[in-house]
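The values are calculated or read from the model by the stated rules, or taken from the named source; none is laboratory data. All values derive from a computational prediction rather than experimental measurement. Glycine gets a Cβ as well: all are built from the backbone with ideal geometry, and neighbour counts include every protein chain shown.
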Amino acid sequence: MTLGLASFLIENILPRVFTPDQSENMLKFGIFLIDDMVEFLGYDLLHTQWINFAKVLLQYTAEKSCVLRQAACYGLGIFAEKTPSSVLDVPTINLWLQALYEAVKVPKGSEKEKAYGHCRDNGVAAVGKIIKAHASVFDATPAITLWIHFLPLRHDRDEGFVQSELLVDIMRTQPQLILGANKIAGLQKVLSIYGEITCGNVKNKLYNDAVAQKIKEHIAELKGDPFFI
């Protein structure tokens, strides 16, 4: 996508998409347009539209429609990744996180289990992306508590691979963020997640070779880590 095309879409297409009584398919189309512009053009080129994009994505994380909620949650995760920490403050991050917390708590409706699962996985993954990109800006401990509660992701495998790797990376570099004061209980939870990831059958496995190797290496490291003694 080019900046010229993005400008045309922003000025001529998006205003016609986000209107009252618009169809679900058209709204999904509009959200994914924003997702793509954020992902492929980024903050530096689109900073004048950045707040407007955030407002749309935040609005649709609260949608009853699973399709729209998933598109918005996915987009908010990408949006967080592409937003420089230098332009963020704690209230803004907390606003994003609160929207995602509410999104992942929405109960299943008439949609199929697979669609609902993908939607919730995208909300959880977006929380993980905020943690990874901006942990230096805010106290990530409450976000991590919610995030780890839903791991491993079981429906969106691509997002699941990324979030599983992130779990291992945090455990290797800042285990206190995940384990908290009760190291034993925290470690049991992490090892339970590791077990679920690596022990799935081939058809439904929750890992790829890179994730599996990282987990094996980390388990070996735990044996000699004084933090866990």
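Considering the conditions (1) over 29 Å from SER192 (Cβ atoms); (2) modelled with pLDDT of 95 or more; (3) of a type in the set (Lys, Arg), LYS64 is excluded by exactly one of them, (2). I'd like to know if the stretch 142-152 contains one or more residues that are at pLDDT below 90 and part of a helix (DSSP H, G or I). No, the stretch 142-152 has no match at all. Condition first: surrounded by 16 or more Cβ atoms within 10 Å (Cβ to Cβ), out of contact with any His (no Cβ under 6 Å at 6 or more places or on another chain), touching a residue at least 24 places away in the same chain (Cβ under 8 Å) and over 24 Å from THR145 (Cβ atoms). Can you find one or more residues in the stretch 92-109 that meet it? No, because not a single residue in the stretch 92-109 is surrounded by 16 or more Cβ atoms within 10 Å (Cβ to Cβ), out of contact with any His (no Cβ under 6 Å at 6 or more places or on another chain), touching a residue at least 24 places away in the same chain (Cβ under 8 Å) and over 24 Å from THR145 (Cβ atoms).
From LYS214, LYS203, grab the single residue that is surrounded by fewer than 12 Cβ atoms within 10 Å (Cβ to Cβ) and at pLDDT below 90.
On inspection, the qualifying residue turns out to be LYS203.
Set side by side, the residues ASP121, ASP139 differ, and just one is at pLDDT 95 or above and acidic (Asp, Glu), which is ASP121. Applying the criterion of at least 1 residues that are of a type in the set (Asp, Glu) to the helices (runs of 4 or more DSSP H) found wholly in the stretch 1-111 leaves 24-46, 66-82, 90-105.
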